[in-house]
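Remarks on the structure that follows.
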Amino acid sequence: MRLGIVGGGQLAQMMIQAAISLGIEVEVLASPSDTPAPRYVARSTIANAFDASNLQQFIDHCDFVTFDHEVIKADILRSLDGYQEKVFPTPHTLELSSRKATCRRLMVEIGLPTPKFEIATNNKELADAIETIGLPAIVKSSFGGYDGRGVFEVLNEDDLIQLKSTLPSEFEVVVEEFIDVDKELSIIVVREKSGELYSYPLLETLQEQQMCSEVYYPVQVAATVEARAKEIAEAAAQAVENVGVLAVEMFLSKDGNIIVNELAPRPHNSGHLTIEAMVTSQFENHIRAVCSLPIGSVEPLFESATMANLIGVDGELDQEIGRREVLKFDRVHLHLYGKLNRNRRKIGHITVVGDGSKNTTEIARQARDCFFVATS
Ligand code: ADP
């Protein structure tokens, strides 16, 4: 069996690691700037994945094809011969889940809670939307944003002027109310082609500068909150009909409501700790679903786990020193992505599993600190 992955970042790297154990051959279609996945497969094509003929050649060569990002336009995929049998998530799922405006409208349609929002495609609509939503507001570009790139907090008139000066001449943004967040939550749902669902346990994420920095299991919330989050995540997965993994990011507001933030139809940063902390990782289960193989257990193996991202900071991070020091820790799992250190770039992550008596978060932070060298 041969699986094609479009995109060559760390999500592809970790899918490749899972595919190797399953005896599935992987090919990667990557752009010239993509690291690290192309290094790890026998055959990788470095070409523009937005070009239909490149994609056609790629899918012709593979039994199934998936993605490590969601930026390929649905229309391009629909123009390919054989995409219905081979390409997962489908163009339909990508369309519904990846475009923030479409996703917000879908959540309203199926009765799932979202922040109050308006959609704007020009400066007049933007001003009107801000007027309707009120300040503070969050403005997000509808397509292609990640790690907070494309998310703007608008607290006052000056922020709005500044935002307008950065927007391109053609845009689509979602303007939404600012939620007073108690916790940010995530559930990874695996959906088979038959529609059968498997939900991993609830996870909590910590964001710093709108970028995920840590993930925790278990989450200290009432059982009713966990049950409601699972219900919402599964309803979202059925609505977008994904095949493979869908990450459902939610806010638990200070007044106790669960609100859907966004959907990602692929393995997700919040699910990295499933590699060591759950019976089957999100990467393996994504591949299993895409390749029509039975899904593995999503049960936890440990009482607690923490994942800490290694996020680049110019000139202050040493991967050689960090690796040497971290490997002295017990129950600490290191994943480096083979990327050069660059400001705000995810270059790796650390997962610590525990039996509940040890504070996995404290250990993960100590381990992460090994990578940061004093510059003074
Ligand atoms: P991205 O696609 O770049 O990850 P998100 O929509 O997930 O963008 O936003 C990034 C982060 O910004 C969120 O994790 C959250 O911390 C913050 N954020 C986004 N929307 C809101 C909101 N409506 N209210 C409060 N905080 C928000």
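In terms of Cα atoms, the Rg and Dmax of the stretch 238-292 work out to 13.0, 42 Å. For the stretch 1-156, what is the Kirkwood estimate of the hydrodynamic radius, computed as the reciprocal of the mean inverse distance between distinct Cα atoms, to one decimal in Å? Kirkwood hydrodynamic radius for the stretch 1-156: 17.5 Å. Here the stretch 253-333 yields Rg over Rh of 1.06, to two decimals, using C-alpha coordinates and the Kirkwood radius. Taking Ala223, Ala101, Ala247 in turn, the Gaussian network model of the chain (Cα-Cα springs below 10 Å) assigns the largest fluctuation to Ala223. Do the alpha carbons of any pairs in Lys254/Lys339; Lys193/Lys358; Lys73/Lys346; Lys193/Lys346 sit beyond 29 Å of each other, and which pairs? From the list (Lys254/Lys339; Lys193/Lys358; Lys73/Lys346; Lys193/Lys346), the Cα-Cα distance tops 29 Å for Lys254/Lys339; Lys193/Lys358; Lys193/Lys346.
Projecting each Cα onto the charge dipole of the stretch 7-131 (Lys/Arg +1, Asp/Glu -1 at the beta carbon, about the Cα centre), which of Ser31, Ala101, Ile76 comes out farthest on the positive side? Of the options given, the answer is Ala101. In whole angstrom, the chain maps to an equivalent ellipsoid with semi-axes of 29, 27, 22, each derived as √(5λ) from the alpha carbon gyration tensor and ordered largest first. Dipole size of the chain about its Cα centre, with +1 on Lys/Arg Cβ and -1 on Asp/Glu Cβ: approximately 840 debye, rounded to the nearest 20. Rounded to the nearest 20, the size of the Cβ-charge dipole of the stretch 1-121 about its Cα centre is 380 debye, with Lys and Arg at +1 and Asp and Glu at -1.
Mean residue ellipticity at 222 nm, helices only, the chain: -9000 deg cm²/dmol; runs of at least 4 DSSP H residues each add -39,500 (n - 2.57), and the sum is divided by the number of residues.
In loop segments of the stretch 166-238 as defined by DSSP, the trypsin sites (Lys or Arg not before Pro) with at most 14 further C-beta atoms inside 10 Å of their C-beta are Lys193. The share of Cα pairs per 10 Å bin across the stretch 317-376, counted from zero up to the longest distance, runs 22, 53, 22, 4 percent.
Placing unit charges on each Cβ (+1 for Lys and Arg, -1 for Asp and Glu) gives the chain a dipole about its Cα centre, and among Phe143, Gly256, Ile232 the Cα reaching farthest toward its positive end belongs to Phe143.
With charges only on Cβ, +1 for K and R and -1 for D and E, what is the dipole size of the stretch 106-187 about its Cα centre, in debye, rounded to 20?
The calculated dipole for the stretch 106-187 is roughly 180 debye.
Qualifying chymotrypsin sites (Phe, Trp or Tyr not before Pro) in the stretch 1-100, where qualification requires a DSSP coil assignment and no more than 15 other C-beta atoms within 10 Å, comprise Phe50. Sparsely packed loop sites in the stretch 90-154 (the trypsin sites (Lys or Arg not before Pro) outside DSSP H, G, I, E and B with at most 15 other Cβ atoms within 10 Å) comprise Lys116.
Every read-out reported here was derived from the displayed coordinates using simple, explicitly stated rules and does not represent laboratory data. Since the model is a prediction, treat every value here as computed from it, not as a measurement. FYI the Cβ positions are ideal-geometry reconstructions off the backbone, even for glycines, and counts take in every protein chain you see.
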